[in-house]
Amino acid sequence: MSRGDQLEELASDLSRAAEAARRLGLPTTVYLLSMALVEVREAAAADSDGNDDGAA
């Protein structure tokens, strides 16, 4: 499994977790998961652009 695939899988997991936290009424958890999701999506975009420095 490539790094890009792993990042996409992580993004999917974070998205599902954020939705579950939203349903449970956990706003701080939703916020934290959403911020993590932004970071992972940025890393995935950088990875797909051939930028492998790991910075997001």
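No lab work stands behind these numbers, since they all come straight from the coordinates. Because the structure is predicted, anything quoted here is derived from the model rather than measured. Here the Cβ positions follow ideal geometry from the backbone for every residue, glycine too, while neighbour counts run over all protein chains shown.
Below are the figures for this structure:
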read-out: Computed [θ] at 222 nm, helices only, for the chain once each DSSP H run of length n ≥ 4 contributes -39500 (n - 2.57); value: -26500 deg cm²/dmol
read-out: Correct choice for Rg/Rh (Cα atoms, Kirkwood Rh) that was computed from the model, options (1) 1.06; (2) 1.22; (3) 0.91; value: (1)
read-out: Using alpha-carbon coordinates, inclination of helix 27-48 to the longest axis of the chain, degrees; value: 10 degrees
read-out: Burial ordering of V30, V38, fewest other beta-carbon atoms within 10 Å first; value: V38, V30
read-out: Principal-axis tilt of helix 3-23 within the chain, Cα atoms, nearest 10 degrees; value: 10 degrees
